[in-house]
Structure formats: structure tokens, C-alpha cells
Amino acid sequence: MFIPEEFDETKEINIKVIGIGGMGCNAVDHLIESCGDSLFSKYENMDMETWAVNTDIQSLRKSKSFRRLQIGSNMTRGLG
């Protein structure tokens with residue numbers, strides 16, 4: 001049986017969202033666009049960190065995430 005815990009609004013909320021590949025990066029961008037500051041205005045103690053991870057450097061440059069990580073640069077030379 002599931003008994004939900006009481007929500008303690010004094011605790012800090014840390015959310016990390018990592019989008020991997022083209023679809024994952026698009027999902028992170030959509031989350032940033034759709035939630036924006038409205039999510040943070042609801043809870044003052046909330047921190048959401050987003051990451052875009054991809055082999056394609058062009059995709060990463062277009063990402064709305066502040067944190068971007070290119071992987072496989074030696075193998076793909078940034079071409080995905």
C-alpha cells in the first residue's frame with residue numbers, strides 16, 4: 001500500500017533533467033520553453049538543472065540548455 005508523504009515546503013527541491021541525443025535534447029528544450037519561470041514561481045526553493053548531451057555540435061548550439069556536453073567528438077567530428 002502506498003501512503004504519500006507530507007510535502008515539506010521548507011526542503012530544497014533539486015531536479016536534474018538530462019537529454020541525450022537529438023530527441024532527448026528536443027525534450028529538454030520543450031521542457032524549458034513550456035515550464036520556464038512558471039515552474040519556479042510556484043516553489044521558491046526549487047532548482048532545476050538541465051543538460052543537453054549529443055554528438056552533433058549543431059544540435060548542441062541550438063539547445064536552450066545552459067549546460068551542454070558534446071560526446072564522441074573524436075569519432076564523429078561533431079557531425080552526429
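The values are calculated or read from the model by the stated rules, or taken from the named source; none is laboratory data. The model shown is predicted, which means the values in this text are computed figures rather than measured ones. Quick reminder, even Gly has a Cβ in these numbers, built from the backbone with ideal geometry, and neighbours come from all protein chains shown.
State which residue is modelled with the lowest pLDDT when the search covers only the range 26-53 and only residues that are out of contact with any Gly (no Cβ under 6 Å at 6 or more places or on another chain) and in a strand (DSSP E or B).
Checked the range 26-53; the qualifying residue modelled with the lowest pLDDT is M46.
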Any residue in the range 14-34 that is over 15 Å from L60 (Cβ atoms) sitting within a Cβ distance under 8 Å of a residue that is polar (S, T, N, Q)? List the pairs, counting only those 6 or more apart or interchain. K16/T50; V17/T50; L31/T50
